[in-house]
Structures are given as structure tokens and as C-alpha cells.
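Written out below as C-alpha cells is the structure these notes cover.
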Amino acid sequence: MVAEIGHAAIWLSVFSCLWAIVLLCTGLRYRSHGAIISGRNGVVATFLLISLATGALIYGFVNDDFSMKYVAEVSSHDQPLMYKITALWGRMSGSLLFWLWLVTLFGALVAWQNWRAADRLGDFALIPISIVQLFFTILVTGLIEGVYNPLARFPDGVALRDGAGMNPLLQTPSMAFHPPSLYVGFVSLTVPFAFAVGALASGDTGSNWIIRSRRWMIASWLVLTVGITLGGNWAYRELGWGGYWAWDPVENASFMPWLLGTAYLHSVMIQEKRNMLKLWNIVLITLAFQFTLLGTFITRSGVISSVHAFAQSDIGGYFLGFIAFSCLGVAWLIYYRWNDLKSPNRLESILSRESAFLLNNWMFVGLTLIILWGTLWPIITEGVTGDKSAVPEAFFNKVVIIPGLLLLFLTGAGPIVSWKKLTVSNFKRMFAKPILFGLVGGAFMWGFLAFRGHSTPVYSALCAFGGVFVFVAIFVEFYRGAKLRARRGETSIFHGLSRLIQRNKRRYGGYIVHIGIVILYIGIMGSKGYYLLESKSLKLGESMDVGKYTLTMEDAFRNRYSNHTRAGVVVAVERGGKTIGTMRPARGFYDRAGQGEQDTIESAIRHFGLNDLYIALGPLPEDVPSYVRSGQLVPLQVYHNPLINLVWIGVGVMMIGGFVALAEKHQVKERDI
């Protein structure tokens, strides 16, 4: 009965979406406050109805209702409770319902923010939000070919005794949080996009829509950053290849909106400060939103192979149609408001903060287009030759190096260069120390790598130069500001620094983010450029060397858990003749109903400061102890990943800076209806 109630709620939400769209349009057109309030009620009603449907599906998971098709596909009796709940986004139908629930939640929050006030811009923004809600609601009704209603039951009242269970690769803590954080980051981009559309529709094309949606945009960027990082951490721990980023199509699908969102966050500062780039900012946020839909198309259409992708279906065409529809709508509004979008000010000098931010934008957009081209290349080649030809990881690694290094330099140069025009005296005052220390850092890195015998240290030296340049530039900014505060009566420089950040959280939070980016770059340089890999098959008691470490296979083990068996070997680790611990790489064996046994790689990772020692096992039978003790060979892949923990530390610093920027308050200009 619960499933039927949820099923009915989905159908009712189609009508509540239509109600909200019609009443909001009518109320805004004829300035009817009653119609607008009714439209807002429709937005809230949609959220309540979809919450009821989502709750009904979770109820089915928790109570093992295998008469529901979706529950039977992604859950089982023995599946731990956490993974029964996270199975909500384990396959296509449930993930679309979760996406829909998020967009209805955010729509209700927008409506609630100024519920009692006359809010013309906010009410206009609710219209595109409701249109997005309507699109996803129609998808989950099951009317669209290629996706079924996640609350649908098997025909003729059939109820399976047990379900197939969720994909074993998804039964990890990382995947319990990685997909929802990505979804939150994706879906929350709907709100700033909706405010941009609302600004065009209402004629309020100044900076008000940017201010209104700023926290939404920063929060979206933050959560999307977390989601991408958790995905990289999952790939690092669960796929047994020793890496965290392979330019997989679905990885790219999450990264491209992040690049465009980052460009937008920089670009809007020019509009707020100099009243420039009005049209460009509308285009940027529109592209960021459209790329979330494009990512959904890539993930769910099956047109591109990926370890992350859902099964192939015909749903991709509907996403492409909705992308085309929404782009045409924005293009028409831009045409209608063309004169209002003209900027009164112009770029005065190439050597200015405006130019630095604009170059920053071009780099981000250029990187996005490069990644898009590489991601869609299999589709292009299939259309031309009939065969899919995937772009190798090496292609992306090569083409992003120069734009990436330039972006690193701009991370430090952008905040310290003057607005309007950079004078010679300002250049000496702001750039002399960062450039000097950067050159020293680059030269040191070059000499160190040359001494170690590396033949091509140029990119690493440039990365070191850029990293030191950014760090010194930002440090000087903090020091000057804190010292000035201290001179004005603060008790110390540290107290002045605290007050400095509190007075301008957005600016200095951004600086902290930039410091995190420097740390991230160094981590990527070390872990991608200088890792060691040794592959060898060992018998019990045999050893192998990886860099400074000696690894000896000492024993084997096999443990049983609620829904799987984990079996592996015990490896002793020595350095300099001294035992420093043991590692336990393993394989996980899952028995999925009707699908046979599936195994996963359970890598062993040991941290040594900023470096990692990483061991993954090759294919083995489930009874590993008997296999090993009978004298059989065990295949091992061992990685030494230098500086890899700086990747996670850098993202953590970025999060701190993002939360500081998010805490800044802003004033909203109210507009009468």
C-alpha cells in the first residue's frame, strides 16, 4: 500500500508542477499577489509529494519489499542497512527520483526564503525551477521509454524471495556519500541558473540576481568539489589501479560543470565591481547548468562506456531535447533583453585584474571544451567510422598541462593585480617578491629532479614556480592586511588577521581556496609524475622490493561478513632492514541472486607521511588461505605514490576557504511586485 501511495504522489506532482508554472506566470503577468502565492504553494506541494514518494521507496528498501521491481534489482536481505538506503541512487530509476527530490527541495527553499515578501525576482526564478521539476517528474512516472517508475511492482503481484543486491563496487562508504554529494552539487546549480533566467524575464539584469544566488553558487561549488574528491578517493581505494583520476567520461561529466562554475565565481566579481560582463555571466551559468544535464545524459544513455555509468537506455535523447529547449529559451530571453545586457564600462588595460579574470575564464572554458571533445570522441568516431575509439588518458594529461599551469599562475596573479590598470610601481610592489621566490622554488625543483636522474623536469619546475609564486603572493596579501589592522589598534597581527578575514570573508576565503589549490597541484605533480609500480607474483615467504621498501608475503586470511567474504594475504613491510608493519590486501566475494558470484579488489593502503604504499591483488579463488598455503603464486601490484596525501589535504584546505566565503552575509534589494 505504501508503494501505491508513493506512486500516486508522483502523478499528483505532475499537476502541482503545472499548477505552479501556470499560476506564477499568470500572477507575474497580471500582478496578482494571490496567484503568485498559489504558485508558490504549488512549488511546496511538489516537494511534499515527491518527499512522500521518496520515503515510500526507502520504506520498501528497509522492509525488503521485493515485490517492487527496483528494490529487487538493487537490494537484498543480507545487504547492510546503510547500503539498503543508499540503494536509492544505486541505479537509474532511483537516482532520477533522488535528483527530482533534491530539485523540489531547493525549489521549496527558494519559495520559503521570502515567503511573506513581494519578491518579483525570486518568483520569476521559481518558474524555470518548476519546469525542471516537471521534466524530471515526467521521467520518473515511467511514461518515458528507457526508464520505469521506481515504485512500480512486478506484474501479477509477483514477489521475489530475495533481491539481486546492489553492485558490490557501490557497497563502500565512499559511494554512500559520493553520488549524493555530486547530485546536490549538480542540482543546486539549477537555482543560480533560475535566478539568471528570472533576471532576464523580469528585466532586473543588474547584479541583484548574482547577489541573491551567491550562496547557492558557492554551496554548489563546495559540494561538487567534495563529490568529485570522494569519487576520486573511491576509485583510488576500490579499483585497484593505484590512481584517483583517469579522465573517465563520467569523471569528466562531473568535472566540466565544476570548471564552468569556478569560472563563473570569478567572472561575477567583475560585474559587481566594474559593471561588466553581464551577458557573459548569464552565458556561463547557463552553460554550467546545461553541462549538469549533459553529464546526466552521458551517465544514463550508455553511449559512452564507463565504470561509473548506468545501463544503456533511450533516456539520453530526452535529456538532449530538454537541453535544446532550455538553451533556446535562454537565447530568446537574451535577444529580448539585449540592450539591457550591454555593459557601460570597457576593459581599460590588458594589465589589470579584469584582464586576469577574463583570461582565467577563457582558460576554464577552453579546458572544458578540450575535455568535452575528448569525452565525446567515441560518439564522433562511431558516427564517422562506425567504431568507437576512446581517447587515452595520456591525451588529457598532455593537453591540460599548459592551461593548468597558466591557471595556477593566475591563481596568484589575479588577486594582487590592480583593477583598471597596473602601474609600474604597483607591479614592483605586488609582484617582485612572489616572482623572486617563485624563481628560487622552480630552480630548486629543477636541480633536485636533475640530481635524482629525471630527464624532463621542466613541467615540475614550472609547477614549483607557480606554487611558490601563488603562496607568497597570498601570504603577502594576508600579512599586509593583518599588519594594517594591527596598526589601527588591534592587539597583534594574529588578532588583526582574524578581524581581516571576518570583515571580508568572501575575499579571504577565496585566498584560502587558492592556497588549497597550490597544495593540490603539488600533490598531483608528485603522485602522477613520480609514482613507482612493481608487479610480481609471490609464493608464501617470498619478497619483492618497491623503492626503499621490502615486502614479504607472510600469511593468508579469509573472513565472512553479512553479504560477502573477504579473503587475502598478510604482507610484512620493511624499510632499511626494519619491519614497520603489515598490510592486508584482499578480494571481496559477493554472491548476487541470479547473477552468480562477483569479486572486488580490496586494496591495502598504508600512509607514510605524505606518501602511500598501495597493494592490490590479482584474481584469486575464494579460498585464498588454502590456495596460498599449497604453494601457489599470488599476483600483486604494488605502488609507491609520493605526495598523494597532499591531494586530499589540498581539497580540505579548499573546503575551509569555501566555508569562510559562504559565511559572508549579503544584502538583498527588494523589488516591489
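Note on L12: accessible area approximately 100 square angstrom, rounded to 10, probe 1.4 Å, nucleic acids and ligands left out.
Hey, if we sort Y59, Y30, Y148, Y590 by accessible area with the 1.4 Å probe, largest down, what's the order? Walk me through the intermediate numbers first.
Numbers: Y59 120, Y30 160, Y148 55, Y590 15 Å².
Descending order: Y30, Y59, Y148, Y590.
Extension gain, F608 to N345, is 89.3 nm, computed as 0.36 nm per intervening residue step minus the present C-alpha separation. Once each part is reduced to its C-alpha centroid, what is the distance from segment 387-446 to segment 1-23 in angstrom? So the two Cα centres are separated by 51 Å.
Largest accessible area first, the listed residues D591, D248, D162 line up as D591, D162, D248 when surface is computed with a 1.4 Å probe on the assembled protein chains. All other residues whose Cβ lies under 10 angstrom from that of T582 are scored, Lys and Arg at +1 and Asp and Glu at -1, for a net of 0.
How large is the dipole of the chain about the Cα centre if only Lys and Arg carry +1 and Asp and Glu carry -1, each at its Cβ, rounded to the nearest 20 debye? Intermediate values should be presented prior to the final figure.
Working: 57 positive and 40 negative charges, 709 e Å.
Around 3400 debye, computed over the chain.
Taken about its Cα centre, segment 194-347 carries a charge dipole of about 660 debye when Lys and Arg each add +1 at the Cβ and Asp and Glu each add -1 at the Cβ. In the full protein assembly as shown, how much of I515 is accessible to a 1.4 Å probe, in Å² to the nearest 10? I515 exposes around 40 Å² with every protein chain in place. The residue among S32, L12, L359 whose Cα reaches farthest toward the positive pole of the charge dipole of the chain, with charges on the beta-carbon of Lys, Arg, Asp and Glu, is L359. Paramagnetic label reach from S562 (point 7 Å along Cα→Cβ; backbone nitrogen cut-off under 19 Å): within segment 153-174, residues 161-174. Could you compute the net charge surrounding N641? Neighbours are other residues with a C-beta less than 14 Å from the C-beta of N641; K and R count +1, D and E count -1. Result for the neighbourhood of N641: +2.
Convex hull volume per residue, computed on the Cα atoms of the chain, equals 189 Å³.
Can you give the extra length, in nm with one decimal, that the chain gains between W419 and Y479 once fully stretched, where that is 0.36 nm per residue apart less the Cα-Cα distance?
Working: separation 60, 0.36 × 60 = 21.60 nm, distance 2.04 nm.
Working it through step by step, the gained length comes to 19.6 nm.
For the chain, the solvent-accessible area works out to 43 Å² per residue, with a probe of 1.4 Å and every protein chain left in place. Across segment 411-425, coupling constants 3J(HN,Hα) worked out from phi with the 6.51/-1.76/1.60 Karplus curve, θ = phi - 60°, read 4, x, 6, x, x, 9, 6, 6, 5, 6, 7, 8, 8, 4, 5 Hz, and Gly and Pro carry x. Subtracting the Cα-Cα distance of F395 and L48 from their residue separation scaled by 0.36 nm leaves 120.2 nm.
The charge dipole of segment 136-238, taken about the Cα centre with unit charges on the Cβ atoms of Lys, Arg (+1) and Asp, Glu (-1), comes to about 340 debye, rounded to the nearest 20.
Within segment 534-589, the chymotrypsin sites (Phe, Trp or Tyr not before Pro) that combine a DSSP coil assignment with at most 16 other C-beta atoms in a 10 angstrom radius are Y561. If you sort the three axes of the alpha carbon gyration tensor as a ≥ b ≥ c, you get a/c of 1.5 or more for segment 24-143 and a/b above b/c, which makes it prolate. Each label point was placed 7 Å from the Cα along the Cα-to-Cβ direction; for A443 and L405 their separation is 1.8 nm.
Rolling a 1.4 Å probe over the protein heavy atoms leaves S202 with an accessible area of roughly 20 Å².
In the chain, what percentage of the DSSP-assigned beta bridges are antiparallel, given to the nearest 5?
Working: 51 of 51 bridges.
Counting DSSP beta bridges with both partners in the chain, the antiparallel share is about 100 percent.
For segment 216-233, the Karplus equation 6.51 cos²θ - 1.76 cosθ + 1.60, evaluated at θ = phi - 60°, returns couplings of 4, 5, 5, 4, 4, 4, 4, 5, 5, 4, 4, x, 4, 5, 5, x, x, 5 Hz by residue, with Gly and Pro reported as x. Taking a point 7 Å out from the Cα of S630 in the direction of its Cβ, the residues of segment 522-554 whose backbone N falls within less than 16 Å of it are 539-540. A convex hull fitted to the Cα coordinates of segment 436-566 yields 229 cubic angstrom per residue.
The share of accessible area on the chain that comes from carbon and sulfur is 63 percent, using a 1.4 angstrom probe. A 1.4 Å probe over all protein chains sorts K420, K528 by accessible area into K420, K528, starting with the largest. Residue pairs exceeding 20 angstrom between C-alpha atoms, taken from K433/K528; K273/K421; K342/K505: K433/K528; K342/K505.
The values are calculated or read from the model by the stated rules, or taken from the named source; none is laboratory data. Computed from a predicted model, the values in this text were never measured in an experiment. Please note: Cβ atoms are built from the backbone with ideal geometry, for glycine as well, and neighbour counts cover all protein chains shown. Calculation scope for accessible area: heavy atoms of the full protein, side chains included, ligands and nucleic acids excluded. Shrake-Rupley method; radii C 1.70, N 1.55, O 1.52, S 1.80 Å.
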